[in-house]
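Please read the structure below before turning to the comments.
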Amino acid sequence: MGHTTDRTPVNGELVMLVLVTQLLVAGGVLWLTGAPFYDLLWGLAAAFALGPTLVWVGKDLRSGRLGADLLAVLALAGTLLVGERLAGAVIAVMVLSGHALDTYARRRARRDLSALLDRAPRHASVWINNRLRRVKVGDIAPTDRLVVAPGEVVPVDGTLLAEGSFDESALTGEPAIVTRAQGEFVRSGVVNAGGAVQLMATATERDSTYAGIVRLASGVAAESAPVLRLADQFAVVFLPVALVVAALAAWLSHDVGRAVAVLVTATPCPLLLAAPVAITSGMSRASRLGVVLRDGLALETLGHATIMLLDKTGTVTTGRPAVSAVLTAPDWAAADVLELAASVEQQSVHVLADAVVRAAHDAGLRPPEPHHVLEQPGFGASGAVRHHQVAVGRLRTPTRDLSDWAVRATRRAEEQGAALIWVEIDDRPVGALLATDELRPDAADTVRRLRAAGLRRLVLLTGDRADTARRVADALGLDEAVADCTPADKVERTRAEQRAGTTVMVGDGVNDAPALAAADVGIALGTRATTAAVQAADGVITDDRIGRLADVMDVARRARRIAVQSAGIGMGLSLVAMLAAALGLLPPVAGAIAQEGIDLAVILNALRALAPAHPHPQPAPQRHATPVQEAAR
């Protein structure tokens, strides 16, 4: 979505508000003590507020909008023209308070987000004059030779000088580890999932894949049309009504003072205060729940969203491979195969090695210490365990020599879209471990809650294969699964969905960033979220729980409902006061005081958005059988 820019620096608005409030109070003290010049101070307060309000109106008009500030300008100017300066000073305080609240909410959320952006690689190891040196990524030039350590992000595009294994899920959404041969192209943004690898840079940081996707996200954000503020949406209806009533009052009574009194009571403070207070309160509530939103506009838009697009890897799944099954040769037990495999994998840096070790620990096994462990990039790890030579990883035996059980294991892995980890003992295949990216335990419950919150369409977008995507969508009860998506495909699908309703995109990878920026609201899942995703998003879930999506939707719906209700109550009371002023029953000063009472009522009502909504029961943790228990069945 297009992010709104701040109208004035927040410090300037606060200083102006403090100054105008001091002038109002000082004038009141002078009036109470019978001293002169109180009227001058009140007039200065109104005049000072008139300046920035005119600027805001000018910006609204240039962007083709007729906002709530126009009524405030007319009321301030009217009170100065007819000499009702106390009324003008009161209006000045109310108008500036509304804008200060609105700006404060945006700035505070932006500060909270900034802590999440420092995640891109800034330095890399480069061979310079036969010595390995750490240099800034921006200083890397084509033909430089780099060394990427295990777990590091590849900083620039390049070609491999030796075989390596990479986690490319941040770019493709595909959770499997990909092995690249010597001479193959590797894109920046992928993670080294094996041993240290060397590559030759083929592009600078600016011209590499990672930076290009970040620029695409920025360009999409610049193209997206802004959504009107809630207060401005109300003003479209309220403004002409107020102007007509004021004009009729002046025409029928031949008294300009009545028109000013109508404008004073029609000052859009219920609009300028009620919506920001409710939305700011909602943002505060969301922040306590672990969801940081960039500005109030994001919460407003979430409040009426009807479509949500969900990335798969790391969003509805854990993004962390886990062993889902242990298949063995007839003469081997699953526990023995898993224990020996985990023994070797304890000393491996491969991403799938962690899954094997975790599976063994979950099964209550205690893998012994291995000896003479050797890790071969692209093949896996091998070592001596209990007088056996154990190899874990890619199959070393020719596929034509596979036994029936191994053929069945291969077929099952293909059907489930699982990674296959072979276990060979003494040069004989005896086991196969299936590793899958599992669904988050609370994903299905979150989908149910999202539908209850009013989302009528939920779509899965993934770079994964069609069969895997369909299986995940069916398990969660999603409406559609779109597979084999590139970043550009995700943007195209997001824009297509926007034609049917307000659309939310949820993701965590670099490949999600353009779609996050294109959506009406983009939400990044925080602890795994890449810098590009966080920069493109309108909000970040900071504690890596997908259930927070449903929480923030509930908060947004409630905050928007309270904002609309508060603004509606304020407008209704203001209409009554306007009619009284038009009939001459409410002079400008009394009208301003009445407006203060209305403002207090709507603010107190809007503050209800701070309170927690009705709690949703958390799903009980499910105890899944371990792969060893499954094999025993």
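Throughout, read-outs are computed from the coordinates displayed, never taken from laboratory work. Keep in mind that what you see is a predicted model, and the values were worked out from it rather than measured. Cβ coordinates were reconstructed from backbone atoms using ideal geometry, including for glycine residues, and neighbour counts include every protein chain displayed.
Sequence neighbours fewer than 8 away in the same chain don't count; with that in mind, list the lysines whose C-alpha is under 21 Å from K312.
Excluding near neighbours in sequence, the set is K490.
Past the 26 angstrom mark, what percentage of all C-alpha to C-alpha distances in the stretch 320-438 do you count?
9
Taking Cα atoms of the stretch 56-97, Rg/Rh with Kirkwood Rh, to two decimals?
For the stretch 56-97, the value is 1.05.
Give me S574, S382, S287, S253 sorted ascending by neighbouring Cβ count inside 10 Å, so fewest comes first.
Least to most surrounded, the residues fall as S253, S287, S382, S574.
All other residues with a Cβ under 13 Å from the Cβ of A391 taken together, and with Lys, Arg as +1 and Asp, Glu as -1, what is their net charge?
-2
Rounded, prolate or oblate for the stretch 463-575? Axes are the square roots of the Cα gyration tensor eigenvalues, ordered a ≥ b ≥ c, and the cut-off for rounded is a/c under 1.5.
prolate
Cross-link candidates for K59: which aspartates and glutamates have Cα within less than 14 Å, leaving aside residues fewer than 8 places away along the same chain?
D6, D69, D232
With a ≥ b ≥ c taken as the square roots of the eigenvalues of the C-alpha gyration tensor of the stretch 359-505, please select rounded if a/c is under 1.5 and otherwise prolate if a/b is larger than b/c or oblate if it is not?
Here the stretch 359-505 falls in the prolate category.
Place the peptides 357-365, 188-196, 552-560 in order of packing, highest mean first, counting for every residue the other Cβ atoms within 10 Å and averaging per peptide.
Per-residue mean Cβ counts within 10 Å order the peptides as 552-560, 188-196, 357-365.
Of the listed peptides 307-316, 342-351, 587-596, what is their order by residue-averaged count of other C-beta atoms within 10 Å, with the highest listed first?
Final packing ranking: 307-316, 342-351, 587-596.
Using a 10 Å cut-off around each Cβ, can you sort Y210, Y38 from fewest to most neighbouring Cβ atoms?
The order, fewest Cβ neighbours first, is Y38, Y210.
What order do you get for I562, I128 when you list them from fewest to most C-beta neighbours inside 10 Å?
I128, I562
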